[in-house]
Amino acid sequence: MASNNRKVDILTLSGYHNYGNRLQNYALQEVIKNFSEEVETLILPKACVQSSGTFNKIKKVFSYPLSKTVKVATRKLNNKIRIVRYKGILDQRENKFKQFSKKYINEKHINSFDELKQIAKDTDYFVVGSDQVWNPNYIKHQEQYYFLQFVEEEKRIAYAPSFGISEIPEDVKPQYKEWLSSIPYISVREKEGAKIIKQLTGRDAPVLVDPTLLLTKDEWLKISKVHAYKPSSKYLISYFWGKIPTERKTLIKQIAKKYNLEIVSIADLKDKKTYTADPSEFIDYINSASLVLTDSYHGTIFSILMETPFFVFERIGGHSMYSRIETLLELTEFFGREEKDIDLNKDILNIDFSHVKGILEKERKKSFDFLSEAMKIEKSK
């Protein structure tokens with residue numbers, strides 16, 4: 001299916017610390033290889049910002065209400081303390097993520113917005129997505145990049161981007177409306193995103209699955225590997241990005257005790273051994289676990305892909321992003337797998353995955369059909 005002379009570039013959030021980010025980037029690359037033999041992901045440095053545009057207003061911290069000012073300042077201070085305190089382990093993790101990217105993702109680092117526009121002349125299509133590439137909290141001063149404003153409209157494709165929020169702030173709605181209207185082939189990852197596009201542009205955007213769901217379990221296991229500190233005994237995965245209150249910690253311990261499982265925390269800086277696991281090792285950790293307890297979107301996705309029993313918890317602290325997990329659970333028809341459904345008097349490790357294969361095959365076809373149409377691929381007769 002791939003065309004020898006078609007060149008496609010991916011634009012997504014880049015960061016060498018998040019499993020979901022690296023794995024969705026890899027997955028989208030592998031899927032696009034079905035349509036093009038030359039696929040690369042463009043990495044834009046933070047210093048590379050467009051020089052014009054209505055989004056270039058910087059909201060000063062001191063313009064916030066006092067309560068918010070204190071909250072923002074406290075969070076920034078805590079982050080700085082965290083970075084200093086755990087610098088060694090953070091650097092080790094980042095280096096392993098960079099090694100993963102170097103091995104599996106064809107990245108091209110660009111140094112200026114002008115260089116990006118030059119690259120556009122020799123590229124047939126630009127695909128933005130997935131991840132929260134349209135979250136206004138994440139892309140300040142890089143909006144022209146993530147809304148593909150540097151290239152002709154006919155080259156713009158949006159594959160399952162996420163806004164990460166349920167509503168766009170009033171002050172940026174006019175610009176978002178203009179940018180969203182300028183992308184001819186547009187899709188989103190969550191129903192909330194489809195609602196935003198409908199409200200702003202009147203367009204009906206298809207809801208397509210996260211790129212990680214476009215690859216099969218066998219395809220993912222090909223790049224998985226065993227982490228040096230993986231337990232030899234049976235274990236459960238505790239994978240939380242938000243706070244874990246005492247009652248939640250108690251519940252996790254009770255589950256581990258009932259089933260005689262070791263607890264492996266893979267997002268806890270205090271657990272220096274498992275925190276260094278790279279994306280390939282993350283896949284194996286999920287695949288080999290007896291149970292996954294998580295507030296992570298991609299933690300949930302890989303539990304489903306690996307057919308590992310799981311329970312989803314609502315994230316505590318930070319922005320609420322639960323809508324994407326709700327969309328996922330509804331799509332895959334997993335009901336009764338949330339924290340409120342945990343009943344220690346029942347066998348919570350018994351979960352039926354037999355229905356998932358058919359659902360994912362249907363969703364993969366939808367996604368492939370979308371990309372085929374966007375890239376003007378003629379269907380074989």
Of the residues in segment 125-159, those that are outside any loop (DSSP other than H, G, I, E, B) and among the aliphatic types (A, V, I, L, M) come to Val127, Val128, Ile157, Ala158
For segment 326-352, pairs from a residue that is at positive phi to a residue that is surrounded by 13 or more Cβ atoms within 10 Å (Cβ to Cβ), with Cβ under 9 Å and 6 or more apart or across chains, are Glu333/Val356; Glu333/Ile359
Residue set Thr250, Thr276; condition among the β-branched types (Val, Ile, Thr), assigned by TED's automatic domain parsing to the domain that holds Ile342 and surrounded by fewer than 17 Cβ atoms within 10 Å (Cβ to Cβ); output residue Thr250
Within segment 212-236, of all residues that are outside any loop (DSSP other than H, G, I, E, B) and among the charged types (D, E, K, R), the one surrounded by the most Cβ atoms within 10 Å (Cβ to Cβ) is Lys217
Within segment 190-211, residues crowded, with 23+ Cβ neighbours inside 10 Å, under 18 Å from the mean Cα position of the chain (by Cα) and assigned to a helix (DSSP H, G or I) come out as Gly193, Pro211
Counted residues in segment 246-272 being more than 23 Å from the chain's Cα centre (by Cα) and modelled with pLDDT of 95 or more come to 18
Result of the Cβ filter at 9 Å on segment 232-245, keeping first residues that are on the phi > 0 side of the Ramachandran plot and partners that are assigned to a loop (DSSP other than H, G, I, E, B) and surrounded by 18 or more Cβ atoms within 10 Å (Cβ to Cβ), at least 6 apart or interchain, is none
task: Confirm whether Leu90 is assigned by TED's automatic domain parsing to the domain that holds Ser367, more than 29 Å from Gln175 (Cα to Cα) and modelled with pLDDT of 85 or more.
output: yes
Exactly one of Glu339, Glu326, Glu373, Glu378 is surrounded by fewer than 18 Cβ atoms within 10 Å (Cβ to Cβ), within 17 Å of the chain's Cα centre (by Cα) and not aliphatic (A, V, I, L, M), and that one is Glu326
Residue set Lys258, Lys272; condition in contact (Cβ under 8 Å) with a residue 12 or more places away in the chain and closer than 22 Å to Asp343 by Cα; output residue Lys258
* Any chance segment 167-189 includes a residue that's in contact with a helix residue (DSSP H, G or I) (Cβ under 7 Å, 6 or more places away or on another chain), assigned to a loop (DSSP other than H, G, I, E, B), crowded, with 23+ Cβ neighbours inside 10 Å and touching a residue at least 40 places away in the same chain (Cβ under 8 Å)? -> yes
Some residue of segment 115-124 being at pLDDT 95 or above and either in a loop (DSSP other than H, G, I, E, B) or on the phi < 0 side of the Ramachandran plot (or both)
yes
Scanning segment 338-374 for residues that are farther than 30 Å from Ser187 by Cβ and of a type outside the set (A, V, I, L, M) gives Glu339, Lys340, Asp341, Asp343, Asn345, Lys346, Asp347, Asn350
Of the candidates Val128, Val31, the one satisfying the condition of being crowded, with 16+ Cβ neighbours inside 10 Å, under 29 Å from Lys173 (Cβ atoms), modelled with pLDDT of 95 or more and within 17 Å of the chain's Cα centre (by Cα) is Val128
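The values are calculated or read from the model by the stated rules, or taken from the named source; none is laboratory data. What you see is a predicted model; the values in this text were computed from it and never measured. For neighbour counting, all protein chains shown are included, and Cβ atoms are generated from backbone atoms with ideal geometry for every residue, glycine included.
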